[in-house]
Amino acid sequence: MTINPGLPPAVGGFALLASGANFSCEVLLALIGRGYRPRILALPEYPPAAQGVLTGSSLIEDRPERPLLKLGQGIEIAYVPAAAQADFASQVEQRGIEFLLVACWPYLIEPPLTESAGKAALNLHPSLLPRYRGPDPLTQQLTQADSDFGVSLHLLSQRFDRGDIIAQGRLPDSTTQPQRSLLEKLCAQRGVELFIEAIESYPAWHPVAQVD
């Protein structure tokens, strides 16, 4: 499938849910580089009360999401701790947002939020699922000295990293002895390609159930 650089997704666009981890920063950077800016950048924690409402141009230097906010300047910011999922779901529905894309999120996303997207709620996971599920798959894989690196785009479900797979992509063989930061960057770039292909081809998907 040919990717059309700079072509935004259909009418409602998408929201990116990201934690500020390096992988999520690389995902946002790759999206912007392709001309796909999220309508909303959602973070999992509120800023300190003294800061008030935090925007992409108002940064707190010692917070882990600072690099993500710097990359996302000009994008609307939403804070979505676990207790605020229902409120954010309403916001997603009101805006007509069609896709949710998750890249490093610390807690389970409940059905009211996953179902709020007009078309699909997806997660980018930096491994070839079902191998290396969990919050730190790259460390697991590096520890196992497994050089078969890749990224999975899958539907969100009520079990972490177990939703049906929409697409997967392996990294090139040149990554057999990479640094972790390089792996995160390459997985993010390949994952964004998969996401763009998926939203451009929706609804002609063929989800594949994961087999343990």
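For segment 77-89, the criterion of being over 16 Å from Ala18 (Cα atoms), at pLDDT 95 or above and surrounded by fewer than 20 Cβ atoms within 10 Å (Cβ to Cβ) is met by at least one residue. Looking at His154, is it in contact with a helix residue (DSSP H, G or I) (Cβ under 8 Å, 6 or more places away or on another chain), surrounded by 21 or more Cβ atoms within 10 Å (Cβ to Cβ) and closer than 30 Å to Gln94 by Cβ? No; evaluated as a whole, the condition is false for this residue. The requirement of being in contact with a Phe, Trp or Tyr (Cβ under 9 Å, 6 or more places away or on another chain), among the small types (Gly, Ala, Ser), closer than 21 Å to Ala30 by Cβ and part of a loop (DSSP other than H, G, I, E, B) is fulfilled nowhere in segment 90-110; no residue meets it. Across segment 127-156, the number of residues qualifying as assigned to a loop (DSSP other than H, G, I, E, B) and farther than 18 Å from Phe14 by Cα comes to 16. Taking segment 173-188 as the search range and keeping residues that are part of a helix (DSSP H, G or I) and touching a Leu at 6+ places or on another chain (Cβ under 9 Å), which one is farthest from Gly134 (Cα to Cα)? Taking the candidates together, the pick is Thr175.
Would you call Leu69 at pLDDT below 95 and part of a helix (DSSP H, G or I)? Judged against the criteria, Leu69 is a match.
For Ile165, the test of being crowded, with 18+ Cβ neighbours inside 10 Å, of a type in the set (A, V, I, L, M), touching a Pro at 6+ places or on another chain (Cβ under 7 Å) and in contact (Cβ under 8 Å) with a residue 40 or more places away in the chain is passed.
Taking first residues from segment 88-99 that are on the phi > 0 side of the Ramachandran plot and without any contact (Cβ under 8 Å) to a residue 12 or more places away in the chain and partners that are surrounded by 22 or more Cβ atoms within 10 Å (Cβ to Cβ) and of a type in the set (Phe, Trp, Tyr), no Cβ contact under 7 Å between residues at least 6 apart in sequence or on separate chains turns up. Condition test on Leu124, is it in contact (Cβ under 8 Å) with a residue 24 or more places away in the chain, in contact with a Phe, Trp or Tyr (Cβ under 9 Å, 6 or more places away or on another chain) and not in a loop (DSSP other than H, G, I, E, B)? So Leu124 passes the test.
The values are calculated or read from the model by the stated rules, or taken from the named source; none is laboratory data. Note that the coordinates shown come from a computational prediction; the quantities given were computed from them, not determined experimentally. As a convention, Cβ positions derive from the backbone with ideal geometry for all residues, glycine included, and neighbour counts pool all protein chains shown.
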